1. Return yes or no: is residue 355 at pLDDT 95 or above and farther than 25 Å from residue 17 by Cα?
2. Scanning the stretch 349-360 for residues that are surrounded by fewer than 20 Cβ atoms within 10 Å (Cβ to Cβ) and in contact with a strand residue (DSSP E or B) (Cβ under 9 Å, 6 or more places away or on another chain), which turns out farthest from residue 9 (Cα to Cα)?
3. Quick check on this structure: which one of 66, 55, 51, 87 is surrounded by fewer than 23 Cβ atoms within 10 Å (Cβ to Cβ), within 27 Å of residue 377 (Cα to Cα) and within 20 Å of the chain's Cα centre (by Cα)?
4. If only one of 70, 49, 32 is farther than 19 Å from residue 240 by Cβ and either modelled with pLDDT under 95 or in a loop (DSSP other than H, G, I, E, B) (or both), which one is it?
5. All but one of (1) exposed (fewer than 15 other Cβ atoms within 10 Å of the Cβ); (2) closer than 23 Å to residue 268 by Cα hold for residue 363, so report the exception by its number.
6. Out of 236, 253, I need the residue that is assigned to a loop (DSSP other than H, G, I, E, B), in contact (Cβ under 8 Å) with a residue 40 or more places away in the chain and closer than 20 Å to residue 178 by Cβ. Which one?
7. Answer yes if at least one residue in the stretch 225-243 is in contact with a helix residue (DSSP H, G or I) (Cβ under 6 Å, 6 or more places away or on another chain) and farther than 22 Å from residue 364 by Cα, and no otherwise.
8. Go through the stretch 52-67 and give me each residue that's more than 9 Å from residue 20 (Cα to Cα) and in a loop (DSSP other than H, G, I, E, B).
């Protein structure tokens with residue numbers, strides 16, 4: 001088991017008030033829809049327990065995770081709110097999910113049969129949601145198989161068919177093609193719902209919208225929205241901000257990565273710090289060493305991309321290649337001392353570095369940046 005570096009001057013500071021604020025801001029947009037806070041992948045890198053409890057304080061109604069172990073972790077931390085598993089789990093693990101009061105997703109006929117068998121063996125009545133594949137083609141029941149799956153589930157008194165949902169693949173896209181495809185997904189899902197309603201099957205919770213769907217498609221909000229990235233203060237795409245602007249709200253990033261300078265040295269022009277000696281200093285410079293590296297979630301490619309860090313409210317570039325545990329920073333002729341605070345992600349003075357900036361420089365997405373923060377970086381609640 002990987003240990004946290006609590007004796008090392010590097011940390012992720014998590015603002016519970018920011019997460020709670022984001023829930024309230026998003027609820028002002030989605031209205032009466034229940035709010036499902038997605039806290040999988042260690043709360044998108046923020047710490048699952050911290051994120052879950054902050055979201056519940058902000059007014060979240062339901063939590064969602066990807067794997068059973070994530071749900072069990074929350075239960076063991078004292079969380080009693082409903083927890084939805086967002087993927088169908090192997091048959092031999094269903095009992096563990098049900099024993100921990102996790103709401104399972106059904107994504108296949110085989111999964112439905114396994115759920116009935118395990119639920120009946122366990123006793124009691126257990127909530128399930130059916131996931132319908134409307135075009136993502138990753139997981140879910142095909143539209144023409146939904147009736148058979150529902151028949152299996154509703155035949156058992158041990159199963160409470162609480163919900164039915166689908167997942168959008170390009171709801172964050174602003175192109176005409178992306179928007180048309182998302183609306184086609186909504187229409188396909190509505191056809192499934194209409195067919196079920198004719199048979200008298202109307203699950204209590206109908207949900208389609210992820211963060212982008214909740215903000216960009218009012219018709220997709222339904223009985224519940226599943227909010228992931230936006231919960232942590234980031235928009236999937238900038239165009240989605242308009243829904244928040246209409247309510248006078250904005251999202252607040254909940255995570256700040258901080259460290260402290262651990263060493264300072266003066267080098268002459270032409271020196272090439274770090275591995276592979278990639279870049280020569282243009283003039284004599286002060287080089288600051290920061291205890292944070294690619295093992296902590298600082299992508300190596302940020303060096304070539306021109307990334308900077310904040311020290312004493314100023315932006316400074318990397319002086320050499322990112323290493324596993326450390327960065328070297330070119331501070332020019334400025335006075336920088338061991339112990340000075342370094343902000344890698346977040347605000348310092350009038351300057352701010354965001355996960356979106358890292359993602360743009362690294363050619364990836366902000367989801368990957370946040371989820372990639374290493375396990376050994378302590379998550380510290382700051383409010």
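The values are calculated or read from the model by the stated rules, or taken from the named source; none is laboratory data. Worth saying up front: this structure is predicted, and the values here are computed from it rather than measured. So basically every Cβ, Gly included, is an ideal-geometry build from the backbone, and we count neighbours across all protein chains shown.
1. no
2. The extreme case among them is 357.
3. Answer to the selection: 66.
4. 32
5. Unmet for residue 363, out of (1) exposed (fewer than 15 other Cβ atoms within 10 Å of the Cβ); (2) closer than 23 Å to residue 268 by Cα: (2).
6. 236
7. Yes; the residues of the stretch 225-243 include at least one that is in contact with a helix residue (DSSP H, G or I) (Cβ under 6 Å, 6 or more places away or on another chain) and farther than 22 Å from residue 364 by Cα.
8. Scanning the stretch 52-67 gives 61, 66, 67.
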